[in-house]
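This report concerns only the one structure given below.
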Amino acid sequence: MLEADVAEQALNDVLRVVAFAGSQRRGSFNRALLEAARQLAPGRMTISSIEIGDLPFYNADVEAEGDPVAVVEFKAAIRAADGVIIATPEYNDGIPGVLTTAIDWGSRPPGIAPLTGKSVALMGASPSQIGTARAQLHLRQLLGHVHARTLPPPELLVAAAHERFDAELRLTHEGTRRVLSALLERFARWIERERIADAAERALASPASGRR
Ligand SMILES: Cc1cc2nc3c(=O)[nH]c(=O)nc-3n(C[C@H](O)[C@H](O)[C@H](O)COP(=O)(O)O)c2cc1C
C-alpha cells in the first residue's frame with residue numbers, strides 16, 4: 001500500500017475513545033465533565049465512559065493467579081480504544097487512589113501494557129482556583145512512565161467547578177465549553193497523527209516495502 005493510502009485510511013476511521021473519571025461520587029464534577037466531553041466531541045469521535053470503581057488494588061499475587069474480571073474488562077476496553085480520556089479530581093495535590101489503581105493495572109505487564117503507546121488526554125475539575133493543575137502534572141508523570149502518548153498542554157483545568165456546572169451537573173460555562181471543544185478536536189488530530197505514524201512504520205517495516 002502506498003504511504004499516501006496508509007495516511008488516507010488512518011484519517012477515514014471513526015475515533016473510538018473510552019473515558020473514565022477518578023471519582024465515584026454521584027455528584028462528581030469530573031464525571032459531569034466527561035459527559036460534557038461526550039456531547040461536545042467532534043463528529044468523527046465517539047466517547048464512552050467506563051467505570052473503574054470495581055478494580056481491586058493492584059497486587060502482584062492476584063495478578064500471578066490471573067487478572068480479576070474487572071481488570072480483564074478494563075484492560076480490554078483500553079486496548080480496543082483509539083484513545084483514552086481521563087478526568088481527574090485533585091486529592092492532596094495528587095490523583096485519587098482509585099485512579100492510581102487504574103493506572104497500576106493499565107501499566108501491566110510492562111512492554112505490552114494497555115496504556116503503553118496509547119493516546120491519552122487529561123482533564124480535571126475542582127472547586128478550587130487551581131482546577132487540578134497539580135493532579136494533572138502527577139498523572140502526566142505516571143503516564144510518562146508507562147510510555148502513553150499523552151496529549152501535550154494546554155491543559156483543561158476547570159477551576160471553581162461549582163460555578164461552571166449547574167444544579168443538574170450540566171457544563172454551562174461557555175468559556176469552558178469552548179476550551180473543552182478545542183481540546184477534543186486537538187485530541188482527535190493527535191490520535192490521527194499517531195495512527196498515521198504507526199501505519200507508516202508498519203508499511204515501511206513490511207518486506208514489500210524493500211526498506212527494512
Ligand atoms: C481527600 C481529599 C483531598 C482533596 N484535596 C484537594 C486538593 O489538593 N486540591 C483541590 O483543588 N481540591 C482538593 N479536594 C477537593 C476536590 O477537588 C473536590 O472534592 C472535587 O469536587 C472532587 O472531584 P469530584 O467532584 O469529581 O468528585 C480534595 C477532596 C478530598 C476528598
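The values are calculated or read from the model by the stated rules, or taken from the named source; none is laboratory data. The model shown is predicted, which means the values in this text are computed figures rather than measured ones. Heads up, the Cβs are rebuilt from the backbone with ideal geometry, glycines too, and the neighbour counts pull from every protein chain shown.
Data for the structure
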item: Sole residue being without any contact (Cβ under 8 Å) to a residue 24 or more places away in the chain, away from the ligand (no atom under 16 Å from the Cβ) and surrounded by 14 or more Cβ atoms within 10 Å (Cβ to Cβ), chosen from A70, A64, A113; result: A70
item: Number of positions in the stretch 18-61 that are out of contact with any helix residue (DSSP H, G or I) (no Cβ under 6 Å at 6 or more places or on another chain), within 16 Å of the ligand (Cβ to nearest atom), under 27 Å from P110 (Cα atoms) and not aromatic (F, W, Y); result: 2
item: Residue check, S28 in contact (Cβ under 8 Å) with a residue 24 or more places away in the chain, surrounded by 14 or more Cβ atoms within 10 Å (Cβ to Cβ), under 24 Å from L169 (Cβ atoms) and among the small types (G, A, S); result: yes
item: Filter pass, A205 being among the hydrophobic types (A, V, I, L, M, F, W, C) and either surrounded by 19 or more Cβ atoms within 10 Å (Cβ to Cβ) or within 30 Å of P68 (Cβ to Cβ) (or both); result: no
item: Selection within the stretch 73-110 - over 24 Å from E35 (Cα atoms) and within 16 Å of the ligand (Cβ to nearest atom); result: N92, D93
item: Enumeration of residues in the stretch 140-164 that are within 13 Å of the ligand (Cβ to nearest atom) and either aliphatic (A, V, I, L, M) or crowded, with 21+ Cβ neighbours inside 10 Å (or both); result: L157, V158, A159, A160, A161, R164
item: The stretch 160-182 residues that are on the phi > 0 side of the Ramachandran plot and part of a loop (DSSP other than H, G, I, E, B), paired with ones that are at pLDDT 95 or above and surrounded by fewer than 17 Cβ atoms within 10 Å (Cβ to Cβ) (beta carbon under 8 Å, 6 or more apart); result: A160/P127; A160/S128; A160/Q129; L169/G27
item: From the options V98, V62, residue that is touching a Gly at 6+ places or on another chain (Cβ under 8 Å) and either at positive phi or of a type outside the set (K, R) (or both); result: V98
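One line per residue, one yes/no per condition, for (1) charged (D, E, K, R); (2) within 19 Å of A21 (Cα to Cα); (3) in contact with a strand residue (DSSP E or B) (Cβ under 8 Å, 6 or more places away or on another chain):
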| position | (1), (2), (3) |
| --- | --- |
| A125 | no, yes, yes |
| A182 | no, no, no |
| R189 | yes, no, no |
| A199 | no, no, no |
